[in-house]
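Participant: Structure incoming, see below.
The values are calculated or read from the model by the stated rules, or taken from the named source; none is laboratory data. Note that the structure is predicted; figures quoted are calculated from it, not measured. Glycine gets a Cβ as well: all are built from the backbone with ideal geometry, and neighbour counts include every protein chain shown.
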Protein chains: 2
Amino acid sequence: MPKIDKDAAPLRTGSIYPPPWDAQMAGRTSLRLGDAGGLTQFGVNLVRLAPGAVSSLRHWHLKEDEFVWVTEGVLHLVEDEGATEMHPGDCAAFPANTPNGHRFENRSDAPAAFLVIGSRMPGEEATYSDVDLRVRITEAGPVFTRRDGSALPSTEE
Amino acid sequence: MPKIDKDAAPLRTGSIYPPPWDAQMAGRTSLRLGDAGGLTQFGVNLVRLAPGAVSSLRHWHLKEDEFVWVTEGVLHLVEDEGATEMHPGDCAAFPANTPNGHRFENRSDAPAAFLVIGSRMPGEEATYSDVDLRVRITEAGPVFTRRDGSALPSTEE
């Protein structure tokens, strides 16, 4: 049965970011619809943002195309030029290797959600626009560094 | 501006199918959102079906993953096992090389629509479940044959 049982799909909460940025991801969940349906060639997630929550740090992808379709509530798409209000049925595309970081913010007092599709490319890197941070996606998971590739300060001290 | 202007996106009508199957595609349009947004790695289309219209001949993809999210109206997803009613916010996944053909039918008396995402793989082939038909996607466009690869009867006579 190809219809996806949303109640059974994996729900991700929390953040992959290192501190202190992980704390900014409160109020965000991601329902892994593509994984639930057995897809491997691209990811499909339903991201829900509580009032005040944000989708990510503002970022752009080196190798992966990304597409977003708003499904619920009111969101602000933030990029270099500023913020654009978006409503259900609005959509946006982010071609790979376009160095204009984006994220979605829920500035309203009600929940909001969007569907996000991203291709899966070996050697993917994402660069963060507002902080000195970059991530490489490896088989072992995400590896965060400064933009110049140097190590982040230890958080163990 | 990554937000897509739907009024400016390319709208496809008609059918790529050879006769007599092309006539079955009346009442179907496809808004090419991914193309409009400059995406190349996967396709994103908003398919609208008038009452009585169908999305395609029932088919399955050899190499390409596919995902569908219903955005409007009531649709029936038809596959080998029968029909499943789907509503806005319902979704379905069709992993590559799963030989169970699918299509969406608008059996209601109001318009219906869905977002469909498909990867783009070289050498893609699709096989049609209910008729003796197969298509190879080539650089020159789609090439339709019988399932055994033989030519279709000429329609010139």
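Participant: Could you go through segment B:102-114 and let me know if any residue there is within 24 Å of A:Ala92 (Cβ to Cβ) and within 11 Å of the chain's Cα centre (by Cα).
Facilitator: Checked against the condition, which is being within 24 Å of A:Ala92 (Cβ to Cβ) and within 11 Å of the chain's Cα centre (by Cα), segment B:102-114 yields at least one hit.
Participant: Could I ask something else about it? Filter segment B:34-56 down to the residues that are over 21 Å from B:His87 (Cβ atoms) and not in a strand (DSSP E or B) and list them by number.
Facilitator: If the condition is that a residue be over 21 Å from B:His87 (Cβ atoms) and not in a strand (DSSP E or B), then B:Gly34, B:Asp35, B:Ala36, B:Gly37, B:Gly38, B:Leu39, B:Thr40, B:Gln41 are the ones that fit.
Participant: Does A:Asp22 qualify as being more than 16 Å from the chain's Cα centre (by Cα) and among the acidic types (Asp, Glu)? Steps first, answer last, please.
Facilitator: On the way: more than 16 Å from the chain's Cα centre (by Cα): no; among the acidic types (Asp, Glu): yes.
So A:Asp22 does not fit the description; no.
Participant: Identify all residues within segment B:67-86 that are within 16 Å of A:Trp69 (Cα to Cα) and more than 8 Å from every other protein chain (Cβ to nearest Cβ); write none if there are none.
Facilitator: Taking segment B:67-86 first, the residues within 16 Å of A:Trp69 (Cα to Cα) are B:67-72.
If the condition is that a residue be within 16 Å of A:Trp69 (Cα to Cα) and more than 8 Å from every other protein chain (Cβ to nearest Cβ), then B:Val68, B:Val70, B:Glu72 are the ones that fit.
Participant: While we're looking at this one, here's another question. Is it the case, given these coordinates, that A:Thr71 is in contact (Cβ under 8 Å) with a residue 12 or more places away in the chain, touching a strand residue (DSSP E or B) at 6+ places or on another chain (Cβ under 6 Å) and on the phi < 0 side of the Ramachandran plot? Can you show your working first?
Facilitator: Working: in contact (Cβ under 8 Å) with a residue 12 or more places away in the chain: yes; touching a strand residue (DSSP E or B) at 6+ places or on another chain (Cβ under 6 Å): yes; on the phi < 0 side of the Ramachandran plot: yes.
In short, yes.
Participant: Right, something else. If B:Glu139 meets every condition in (1) in contact (Cβ under 8 Å) with a residue 12 or more places away in the chain; (2) under 24 Å from B:Arg32 (Cβ atoms); (3) surrounded by fewer than 20 Cβ atoms within 10 Å (Cβ to Cβ) apart from one, which number is that one?
Facilitator: Looking at each condition in turn, B:Glu139 falls short on (1).
Participant: If we keep just the residues of segment A:17-33 that are outside any strand (DSSP E or B) and in contact with a helix residue (DSSP H, G or I) (Cβ under 8 Å, 6 or more places away or on another chain), which is surrounded by the most Cβ atoms within 10 Å (Cβ to Cβ)?
Facilitator: Within segment A:17-33, the subset outside any strand (DSSP E or B) is A:17-27, A:33.
So of that shortlist, the ones also in contact with a helix residue (DSSP H, G or I) (Cβ under 8 Å, 6 or more places away or on another chain) come out as A:17, A:33.
Numbers: A:Tyr17: 19, A:Leu33: 24.
Out of the qualifying residues, it is A:Leu33.
Participant: On to the next question. Here is a check on your reading of the model: is A:Leu62 more than 15 Å from A:Arg103 (Cα to Cα) and either surrounded by 17 or more Cβ atoms within 10 Å (Cβ to Cβ) or at pLDDT 95 or above (or both)?
Facilitator: Values: more than 15 Å from A:Arg103 (Cα to Cα): yes; either surrounded by 17 or more Cβ atoms within 10 Å (Cβ to Cβ) or at pLDDT 95 or above (or both): yes.
Answer is yes for this residue.
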